[in-house]
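Have a look at the structure below, then the notes.
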Amino acid sequence: MKKLYASIGLLSVALIAYQIVLMYFFSITQWYHFAYMVIAIALLGFGTSGTVLAFSRTWFIDRSSELIPLCMFLSGTTMIIAIPVSQTRFFQFDSQLILFDQEQILPLSLTYLLFFIPFLSGAMAIGLAFIKNPEDIGRLYCANLLGSGTGGGIAVVLLWILFPQHLPAFSALLALVSGFLILPKHKRKELFSIGILSLIVFAVLVRQGGRLPQFTMSQYKEMSKSLLLPDAKIVISKTSPDGLVQVVQSPVMRFAPGLSLNYHSEVPKQIALFNNGDRYGGIIRWSKSDTSHILDYTTFALPYVLQHHNHVLILHAGTGIEVAQAITRGALSVTAVEPHHTIVSLVKNEYREMTDSLFHDQRVSMITVDPRSFLLRDTSTYELILFPMIDAFGGTMGLKAVKEQYGLTKESVTQMWKKVSPDGIISFSSWMDFPIRNPLKVLATLTEVLEEQGIRELTHHIAAVRSWGTITFIAKRSPFTEQDIENIRLFCTAMLFDPAILPAIGIVERTRYNAIQETDFFTLVDGILSDRSTSRLRPDGRRLDSSRSIDPSGVFDRNDIYERYGFDVRPTTDDRPYFSQFLRWKTLPYLRQIYGDRSLPFLEIGYLIVFVTFAQVFFLSLILIILPLFKIGWKSSGKTWTVLFFGMLGLGYMFVEIVLINQFTLYFGHPIYAAAAVISLMLISSGFGSYFSRQWSITNVTLRNITGAIVFMIIVYAFVLMPILIFTISLPFEIKIVLSLLLIAPPAFVMGIPFPLGLRLLSQRHEDQIPWAWGINGCLSVIATVLSLIASVELGFFVTMILSAGFYGTAMISNFIVK
Amino acid sequence: MIQILFSLVFFSLLFIQTDNRIHERHSMVRHQIEGRGLRDSLTLKAMRAVPRHRFVPEAQSRNAYDDSPLPIGYGQTISQPYIVAYMTEIAHLQKNSTVLEIGTGSGYQAAVLAEITDTVYTIEIVKQLGESAVERLTSLGYKNIFVKIGDGYEGWKEHAPFDAIIVTAAADHVPPPLIQQLKEGGRMVIPVGAPFFIQTLMLVEKKEGKITTRSLMPVRFVPFTRSD
């Protein structure tokens, strides 16, 4: 039996590590959102295994000793085969073309199927072990959870050492070894041969080593396009859990985002850095003796035209171009915060000469942590706090919609405001997107923060300058002086830019050099700047029609814009830190009317894909959950309890996990490590909880009490966790680790108890429903990963946590209704 | 007699093969271009004349006259017909205008321009695209289009200044050499944005030494003009 625990543990390590590998694979070849979609479908393999086992439970149990290792071999073999096969012609799809090229549907479906197999066969092995040994479910489930918890951690560590294309071999090998561990005596020879055959396939593919097919990226990824440029080549590739960083050189790549049309000199050549094929930044040659910087000819220079800044803080410093600008502008100290270790390391080491040792300069303090976490810990004061360009040139179609951006929340901007000196400035820049969204949300955030800080005359503290493609906002602690305003006007004239916000500004001055067709923009800007507490702009008291968008001829205040504009431009908060999520359901009909059905998805595709994923997962799950009823019987007793109890456990667990990952991301400042730590700690603690569950008597009363305790803990955590994390964020790293353990382990331990206990109870009453319960839990867990994301975006983390308590509460109530 | 009949059949077939989609082209101009308010007769004539289906990959041929951009490989697209027409019209071309196009792509925009003006210079940075465009334009008999494979960023100094510059590939900045090579009173049209995302067409004008920009219209599959 011990071998079976070890085997299940190893297989679980393999499955979770493979899931992380796939996330990397699809993030590199396509985009993160498509990774999410494909993996969610693949993970339904767990739910499917329950359905399959439910149909022929006794047949499977009779042959379990052979089938379990066989499934493990199949899982391991397909793990190593799937990625190379997915790169072949029949399976290759381009996510960019999916929305209008029906021919992409077939390869996408085949890809779903391909990656479904390793998970289905792995889940079959685990599920079969469970239904064969229901009395020992506590230990088996413990092995499953411990393996999964360890697997996440191991995969993150391996990503520092191995390139993503080499990682499937690791997962596959573990899955194969797990099969060899439990070969049954009576069929050892045959199964050993199958195992050896799998190993041969494994060895042949691994032997190719570096010759394993490189990940083929979508031709529409920025890196693919860069590689088409003359003499373009990848000169450096580095892997880390933050992503695959690749450096591309070509003599024709230049750096000057939003450059003034009055610039007549040479534009600097750049070396481009990509993370998972998406542009991360550029490196340009810079010298300490430079007297001007290319960014001086962009709207980025706005904060510098008002005054000299001795102490500058740059958040998301990237490759350090803004840092170089600050030094060139005479800053005495620059604190540069950048969370991506590999990017910082490249500039520090490989490109030290090219950047004249910028990151080694004694005036520069380099800090590799998430900017928001830094703001929470830091106690210094700065004369300028600068946030680099928001969004990408040409827009991102909302691909960042479900990415937490704590640096742009109201709380974050409030902290920036408090950190600047009495005459200090905070500065944000953005591309002028269409339909206009990012600049409006930046402005809304700034105005609300300043109002909360007691600023009444907003245009005396906020200014903005617009070029042909970019806009920079500055907010100054003290009111602008006449000299400040004069300097801004002179800067605009010299650079052919236009002021967008200045006291008493008119439309002519706003469009002197750069006219825009959408003059609504200025209506919206003025509306956001207007005082939301007064209704002076609606003297007739007319009722707002929220289905209509802004009427450019009207005058509106901020509330109107929040309610009626086609996109959500309200500021984000730490509870809902999704700055790039602009989609509003209630204005969709109006947007459809304006832009047409075919264009609509391109406005905010990122968030829409989450819903497409949800729809697919939901309907497939529904089928998988209903199908076994044909075998179990539609009228068999105990069904309601089985569905409610095991389904709600799946939903509740994942909801808690997602919220904890987000909150600990802020705490540690590194999303990948926070996610790995939370997932591993939760699963391992739950594993121990499962092991401990063996000692409990199995009754509905026990289950009621345990789920009740979980509800209580979750509600308490919903209220106290975030304040505790904020209060202790400045503590040393080691203490924070211990504290995290103390905070995560207790609820996770208790949350690991109900599932094995429930299965044991089921084995005594309706043994035939065990595989069904396993399938329900698997399906609902996958649904929960998508649904919890939607809940976080729409309702915030606090409500998501409360919903989780609601799910466990429903599981608790289900124990009252059972007879 | 048989030889004459054979020749007639042969030429008829050739005619059908080369221009058998003239009705689709006329329909495209009528519905997608005139229907959206473009009236410049030179542009409309040019759009009716150029066989768009010869500029798209074989697999996309059936969609050639659709109201959408189409992939042409190497991460590039052939623009939606309306955009090609709009960019042509907004450039205010005369027969004797000298035009520079940056980003030859399939060569379609250059062909449309060449129907209006005497000389079109076009530069393509992706070698494979440039070579196939040369082949295509030659086979279609365009003798007034000069294709260069290279970096369009520097423009084409030898033939500058230009009455109009049409940039078909978006960039995050307007190359200073192109502004320098624009004639006094000249116009430059540039899309700002990525190919399958939303692009905004921008007009850069040089008047009395002063440079101004005007964002013209946001575009994607269909122009983002308000329907109300």
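Of the residues making up the range A:445-484, those that are open to solvent by 10 Å² or more (accessible area, probe 1.4 Å) and part of a loop (DSSP other than H, G, I, E, B) are A:Gln453, A:Gly454, A:Ile455, A:Arg456, A:Glu457, A:His461, A:Trp468, A:Arg477, A:Ser478, A:Pro479, A:Phe480, A:Thr481. Could you list, in sequence order, the residues of the range A:639-692 that are more than 19 Å from A:Ser788 (Cβ to Cβ), over 15 Å from the mean Cα position of the chain (by Cα) and open to solvent by 30 Å² or more (accessible area, probe 1.4 Å)? Passing the criteria: A:Lys639, A:Thr640, A:Val643, A:Ile684, A:Phe688, A:Tyr691, A:Phe692. Taking the conditions exactly as written (at pLDDT 90 or above and either out of contact with any helix residue (DSSP H, G or I) (no Cβ under 7 Å at 6 or more places or on another chain) or on the phi < 0 side of the Ramachandran plot (or both)), does A:Val21 satisfy them or not? Criteria not met by A:Val21. Residues in the range A:294-316 that are open to solvent by less than 10 Å² (accessible area, probe 1.4 Å) and out of contact with any Leu (no Cβ under 9 Å at 6 or more places or on another chain): A:Leu295, A:Thr299, A:Leu302. In the range A:457-466, the residue that is nearest to the other protein chains (Cβ to nearest Cβ) out of those that are in contact (Cβ under 8 Å) with a residue 24 or more places away in the chain and more than 31 Å from the chain's Cα centre (by Cα) is A:Val465. A:Gly282 meets each of the listed conditions (1) within 14 Å of chain B (Cβ to nearest Cβ); (2) farther than 29 Å from A:Arg477 by Cβ; (3) open to solvent by 30 Å² or more (accessible area, probe 1.4 Å) apart from (3).
Restricting attention to the range A:37-96 and to residues that are among the basic types (Lys, Arg) and part of a loop (DSSP other than H, G, I, E, B), the residue that is surrounded by the most Cβ atoms within 10 Å (Cβ to Cβ) turns out to be A:Arg63. Among the candidates A:Ile710, A:Ile735, the residue that is modelled with pLDDT of 90 or more and open to solvent by less than 10 Å² (accessible area, probe 1.4 Å) is uniquely A:Ile710. Evaluating B:Lys45 against the criteria (1) free of Cβ contacts under 8 Å to residues at least 60 places away in the same chain; (2) away from chain A (no Cβ under 11 Å) leaves one unmet condition, (1).
Does the range A:421-433 include one or more residues that are at pLDDT below 95 and assigned to a loop (DSSP other than H, G, I, E, B)? There is at least one residue in the range A:421-433 that is at pLDDT below 95 and assigned to a loop (DSSP other than H, G, I, E, B).
Conditions (1) in a strand (DSSP E or B); (2) within 28 Å of A:Tyr513 (Cβ to Cβ); (3) in contact (Cβ under 8 Å) with a residue 40 or more places away in the chain; (4) in contact with a helix residue (DSSP H, G or I) (Cβ under 8 Å, 6 or more places away or on another chain), marked per residue:
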{"position": "A:Val245", "(1), (2), (3), (4)": "yes, no, yes, yes"}
{"position": "A:Leu261", "(1), (2), (3), (4)": "no, yes, yes, yes"}
{"position": "A:Ala336", "(1), (2), (3), (4)": "yes, no, no, yes"}
{"position": "A:Pro339", "(1), (2), (3), (4)": "no, no, yes, yes"}
{"position": "A:Val347", "(1), (2), (3), (4)": "no, no, yes, yes"}
{"position": "A:Tyr351", "(1), (2), (3), (4)": "no, no, yes, no"}
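Restricting attention to the range A:233-248 and to residues that are closer than 26 Å to A:Glu266 by Cβ and surrounded by fewer than 18 Cβ atoms within 10 Å (Cβ to Cβ), the residue that is nearest to the other protein chains (Cβ to nearest Cβ) turns out to be A:Lys233. Only one entry of A:Leu259, A:Leu227, A:Leu181 meets the criterion of being farther than 24 Å from B:Tyr74 by Cα, modelled with pLDDT of 85 or more, surrounded by 14 or more Cβ atoms within 10 Å (Cβ to Cβ) and within 12 Å of chain B (Cβ to nearest Cβ), and that entry is A:Leu259. Among residues that are hydrophobic (A, V, I, L, M, F, W, C), within 14 Å of chain A (Cβ to nearest Cβ) and either part of a strand (DSSP E or B) or out of contact with any Gly (no Cβ under 9 Å at 6 or more places or on another chain) (or both), B:Ala171 is included.
The values are calculated or read from the model by the stated rules, or taken from the named source; none is laboratory data. All of these numbers come straight from a predicted model, not from anything done at the bench. Backbone-built Cβ (ideal geometry, glycine too); neighbour counts: all protein chains shown. Accessible surface is based on the protein model in full, side chains and every heavy atom, while ligands, DNA and RNA are left aside. Shrake-Rupley method; radii C 1.70, N 1.55, O 1.52, S 1.80 Å.
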